[in-house]
Amino acid sequence: GAGADNDLYINQAIVFIEDAIQYRSINHRVDSKSLWLYRWYYSRTCQWILSLTITVILALAFVEEPSSLTITSDVRYRLPAWNPPCGLMESVELLCFLVFVVDVSVKSYLIGWKEFWKNKWLMAYILTLIVSLADWIVSLSFFCKESVRIRRILRPFFLLQNSSMMKKTLKSINSTLPEMASVLLLLAVHLSLFTMFAMLLFARTKDNQQDKEWVVYFRNLPDSLTSLLVLLTTANNPDVMIPAYSKNRAYSIFFILFTVLGNLFLMNLLTAIIYNQFRGYLLKSVQSSLFRRRLGIRAAFEVLSSLKETPASAQQSFVSVGALLQVLQKAEMDSRCKQAIMRSLKMCSCDQLSAAQFQKLFEELDKDAIKQHPSSPEYQSHFMQKVQFAFGHPYFGYLGNVVALANIISICVVLVIDADKQPSERDDFFLGAINCFFILYYLLEMLLKILAMGLKRYLSYPSNRFDGLLTVILLILEIATFAVYGFPHPGWRPEFMGLLSLWDMVRLVNMLIVFRFLRIIPNMKFMALVVTTLLDLVKNLRAFAGILAVVFYAFAITGIMLFKGAVVPLGNTSVGPMNSWNIGPTTSMTLPKKNVILWCSAQAELIYCFLFVLSVHLICRWAKIYFVAWWLISSVIWVNLFVALLLENFIHKWDRRCQRESLSDIEYQRTVELMFRDVLEEPTEEELMEKLHQHPHLHLCR
């Protein structure tokens, strides 16, 4: 009947508006049961369960054998790690797989089977689940004693496929690879030519004493390539040059030319190309998100215009205000936006809305989120008004910054004086006394600001919350110190009592005081601009961090399987830098330990040690391919991609720094979408209608 049709149209409009808010695709089933299932799937509870499941299955690697549940990685001091019995972690893993099976089944059903065969991510999702379940069965059949577990490498895929932003980022990276490949090929040619020159220059001679360069670095083709590749990262510079330089100074020209051409020219050229090709990534992504939002809003308008109560018009479609209010009451959206739209509807004198008016109402979603700070209390007393003016003035904050600077300087003076003293020779009376004085000032400053501004207004500023939290922690630590050791007095020396020694307590207090000095950042405009840009990047570019975590996880698990038992610790004997990693059959390489190794090699600091120990001493030539591949992905490609995004966002924000006046009582909360809002192109009505008519499940009347 007409009532059932109207209810369906209302529910469709609700879902389309929620899709627009979250920048989701509207290409899904739109019948009543599917809409209920769709809203249930995207509810906070279901998404929280899915996120928790992904977190649990990724965290299993920290508990599974080899277990990471130890405080220290040094085999000489740590207790044996707890390894779960066979079947315990596998049971948890099976529960996670069941959640993923439900997830992929619901997704496949909602988009429809025709669309499913076009969706490569869903097909890869199912294939990953099949391989993981097969590997899980094999693991149980071997009583968890198998050395290779393929499903552990595949686990990061569950995180990757659950984020639309990560998938979009990966697609953009894939489109940049051809341009990067050309520079990498040029880099390979540069490396190969200089390798041949090196083998000719440092060939073996009759005098073994003069062949140190050949013996250590250029004995054969693989060693020569490795030495120059590491030199490209500057990790073995100038060590690789010293034997030849000792023999003849002219040999230094070879190494200088290689470094200048490779490191200064080709590597920076790669950064420039990546920036040039990738700088439009965010803009394209935000443009696509804007189109999805406009399409969702237009789809909601079209279905609401089909309501039986809406008067038909051959020329133009309209939506009644009552129908829109009914949709807004049921839709999940930010209360600020909902109230703003309802206010606009009340101010509107018309009962019907055209497509342009309907779209304009929802432009509230694109606006900055504005946080209005509460007003200060109004005191009747003339004296209190003067107190409020004095301690609410910005100059009082500047005085606090000066006091914090004086506190930092005093700590530095004490640290310099006590740098060479033994703990038993230190007298902490002076440091304890000045810390007590400054902490009392910070407490007084916080209380006076609360008196002047009011508690609600004081807490509405992030800088005040930061100050207040650190002041309370400092006060608690100071009270605890006095309770255990008494008040500062001459000869106040550290001794161990309870959880922390006096020296530990004083150090912790001083570290917090140093950290508190960051309060000066909001008072320095250009520094504040740099910091807010970095915070915006951290907050809004989570997709890049997610993909980096995926790569870290996959390489770490692969390394654990490849190098299990590769290096045997020699007890208390220190044989070299790699022995400190304690990698061996009795102390299997764990996930945190492997992540630290990958981080160090990504920074090119210890890559030469890893290549030397794992490939020369252990005759494991595959180690070279593993670490070189990791260095290329993490240090060469990924770092340059991040630099490109950092430059694009920073330049964009730097150019717009003067466009907005600084308002003391208003705080703008910006997202990546809002940063580029002024340069985006609005989609035309023809583009929106063409896309709507291509919807696989929605059939419009016009």
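Kindly provide the set of residues from the range 8-26 that are assigned to a loop (DSSP other than H, G, I, E, B) and on the phi < 0 side of the Ramachandran plot, ordered by number.
Once the filter is applied, which keeps residues that are assigned to a loop (DSSP other than H, G, I, E, B) and on the phi < 0 side of the Ramachandran plot, the range 8-26 yields Gln22, Arg24, Ser25, Ile26.
Tell me which helices (runs of 4 or more DSSP H) are completely within the range 402-520 and hold 1 or more residues being modelled with pLDDT of 80 or more, or say none if there are none.
Result: 429-453, 455-459, 462-485.
List every residue pair whose Cβ atoms lie under 9 Å apart, where the two residues are 6 or more positions apart in sequence or sit on different chains, the first residue falls within the range 214-235 and is within 11 Å of Ala203 (Cα to Cα), and the second residue, located anywhere, is open to solvent by 30 Å² or more (accessible area, probe 1.4 Å) and outside any helix (DSSP H, G or I).
As it stands, the answer is Trp214/Ala203; Trp214/Arg204; Trp214/Thr205; Val215/Arg204; Phe218/Ala203; Arg219/Arg204, since those pairs meet every condition given.
For Ile297, work out the one condition from (1) assigned to a helix (DSSP H, G or I); (2) over 21 Å from Phe627 (Cα atoms); (3) open to solvent by 50 Å² or more (accessible area, probe 1.4 Å) it doesn't fulfil.
Failed condition: (3).
Is it fair to say Leu94 is under 23 Å from Phe62 (Cβ atoms), under 31 Å from the mean Cα position of the chain (by Cα) and open to solvent by 50 Å² or more (accessible area, probe 1.4 Å)?
yes
Any residue at all in the range 49-63 that's farther than 26 Å from Val148 by Cβ and part of a loop (DSSP other than H, G, I, E, B)?
Among the residues of the range 49-63, not one is farther than 26 Å from Val148 by Cβ and part of a loop (DSSP other than H, G, I, E, B), which makes the answer no.
Please tell me if Ile173 is under 30 Å from Phe552 (Cβ atoms), open to solvent by 40 Å² or more (accessible area, probe 1.4 Å) and among the aliphatic types (A, V, I, L, M).
No; evaluated as a whole, the condition is false for this residue.
Got a number for residues in the range 402-423 being over 16 Å from Ile439 (Cβ atoms) and either open to solvent by less than 30 Å² (accessible area, probe 1.4 Å) or touching a Pro at 6+ places or on another chain (Cβ under 8 Å) (or both)?
Matching residues across the range 402-423 total 2.
Just to verify a result, which residue in the range 613-633, among those that are open to solvent by less than 10 Å² (accessible area, probe 1.4 Å) and of a type in the set (Gly, Ala, Ser), is modelled with the highest pLDDT?
Restricting to residues being open to solvent by less than 10 Å² (accessible area, probe 1.4 Å) and of a type in the set (Gly, Ala, Ser), the top hit is Ala623.
Of all residues in the range 340-357, which are assigned to a helix (DSSP H, G or I), touching a residue at least 12 places away in the same chain (Cβ under 8 Å) and more than 19 Å from Gln329 (Cα to Cα)?
Once the filter is applied, which keeps residues that are assigned to a helix (DSSP H, G or I), touching a residue at least 12 places away in the same chain (Cβ under 8 Å) and more than 19 Å from Gln329 (Cα to Cα), the range 340-357 yields only Ala355.
If you take the residues of the range 112-170 that are small (Gly, Ala, Ser) and closer than 27 Å to Met89 by Cβ, which of them is surrounded by the most Cβ atoms within 10 Å (Cβ to Cβ)?
Selected residue: Ser132.
Restricting the first residue to the range 435-460 and requiring it to be touching a residue at least 60 places away in the same chain (Cβ under 8 Å), which pairs with a second residue that is basic (Lys, Arg) meet a Cβ separation below 6 Å and a spacing of at least six or different chains?
Listed by first residue and then by second, the contacts come to nothing, as the list is empty.
Among the residues of the range 341-390, what is the count of those that are more than 27 Å from Pro462 (Cβ to Cβ) and surrounded by fewer than 12 Cβ atoms within 10 Å (Cβ to Cβ)?
The qualifying residues number 12.
Output the residue which, of all residues in the range 285-301 that are within 30 Å of the chain's Cα centre (by Cα) and hydrophobic (A, V, I, L, M, F, W, C), is nearest to Asp7 (Cα to Cα).
For the range 285-301, the residue satisfying everything is Leu295.
I need the full set of residues from the range 551-564 which are assigned to a helix (DSSP H, G or I) and either open to solvent by less than 20 Å² (accessible area, probe 1.4 Å) or over 17 Å from Gln161 (Cβ atoms) (or both), in order please.
Passing the criteria: Phe552, Phe555, Ala556, Ile557, Thr558, Gly559, Ile560, Met561, Leu562.
Under 6 Å between Cβ atoms, at least 6 apart or on separate chains: pull out the pairs that start in the range 303-323 with a residue that is assigned to a loop (DSSP other than H, G, I, E, B) and end on any residue that is of a type in the set (Phe, Trp, Tyr) and at pLDDT 70 or above.
Going by the 6 Å Cβ cut-off, the qualifying pairs are Ser306/Tyr9; Leu307/Tyr9.
Looking at Asn6, is it over 30 Å from Trp136 (Cβ atoms), polar (S, T, N, Q), surrounded by 12 or more Cβ atoms within 10 Å (Cβ to Cβ) and at pLDDT 90 or above?
No: the conditions fail for Asn6.
Table: residues versus (1) open to solvent by 30 Å² or more (accessible area, probe 1.4 Å); (2) among the hydroxyl-bearing types (Ser, Thr, Tyr); (3) assigned by the TED database to the domain that holds Phe396.
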| position | (1), (2), (3) |
| --- | --- |
| Ile434 | no, no, yes |
| Leu440 | yes, no, yes |
| Tyr458 | no, yes, yes |
| Arg465 | yes, no, yes |
| Leu475 | yes, no, yes |
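The values are calculated or read from the model by the stated rules, or taken from the named source; none is laboratory data. Everything quoted here is computed from the prediction, not taken from an experiment. Backbone-built Cβ (ideal geometry, glycine too); neighbour counts: all protein chains shown. When the accessible area is computed, the model is the full protein with side chains, heavy atoms only, and any ligands, DNA or RNA have been set aside. Shrake-Rupley method; radii C 1.70, N 1.55, O 1.52, S 1.80 Å.
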